[in-house]
Amino acid sequence: MQRRRTDHEVVQQGDFYSEARRYFDHTMELTVVKLFSGDCYISPGGEMLVTILGSCVSACVRDPRVGVAGMNHFLLPGEAGAGAANGEAARYGVHAMEQLINGILARGGRKEQLEVKLFGGGNVLNHSSNIGGRNVAFIEEFARKEGLAVQASDLGGPWPRRVHYFTDSGKVRVRRLQREDDARILDAERRYESRLRARPIEGEVELF
């Protein structure tokens, strides 16, 4: 089921895969940093973070008082019927969120001041375990349990998304991609899921 709040805007799509991973955009006069599956990045400021999401989820998190912001991009692997917010697979999501939030806290942020925006979890993989829906259920439950203030979200639905996050302002622009754009996204997520299944799950984590 789609869940959406609409205090973010739509942006036109460029060719995400052909550009450098990090480059300076002279039109916007800021640095652009691209995130792929499994990435987590804390910005020093003056940047736009960009990612493309299919079944994966990204959290955009910022402490506006200290001006520190970051983004992650993660996927919960697992078998059909597994609980979205429990079990071994959810530990990947917990690790991804811990990595992002603790990175911001380490740079002077405070948990009670964080603004959080959530994106992704589209039903785009032909997969019996409904990975997109499980990712959405996980991130919503995680935010609820941790008392995080979710200011905007665009989760679920049948489409992939391109997300632009402006770290200085906290503004997010989203484009819902057309189905013909799916091939690269689905291939990247399938390869990422295979890598997750092939390696040991992260150890126990201590949440902020």
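The values are calculated or read from the model by the stated rules, or taken from the named source; none is laboratory data. Note that the structure is predicted; figures quoted are calculated from it, not measured. In this analysis, Cβ positions are derived from the backbone assuming ideal geometry, glycine residues included, and neighbour counts consider all displayed protein chains.
Quick notes
- Verdict on Ala59 being of a type outside the set (Val, Ile, Thr), under 18 Å from Gly121 (Cβ atoms), modelled with pLDDT under 90 and crowded, with 21+ Cβ neighbours inside 10 Å: no
- Here Asp7 meets each of (1) modelled with pLDDT of 95 or more; (2) under 18 Å from Leu148 (Cα atoms) with one exception, condition (1).
- Flag for Leu196 being aliphatic (A, V, I, L, M), modelled with pLDDT under 95 and farther than 25 Å from Asp25 by Cα: yes
- Looking only at the range 68-93, and only at residues there that are crowded, with 18+ Cβ neighbours inside 10 Å and of a type outside the set (A, V, I, L, M), the one that is modelled with the lowest pLDDT: Gly78
- Among the residues of the range 22-61, those that are assigned to a loop (DSSP other than H, G, I, E, B), in contact with a Ser or Thr (Cβ under 9 Å, 6 or more places away or on another chain) and among the hydrophobic types (A, V, I, L, M, F, W, C) comprise Phe36, Cys56.
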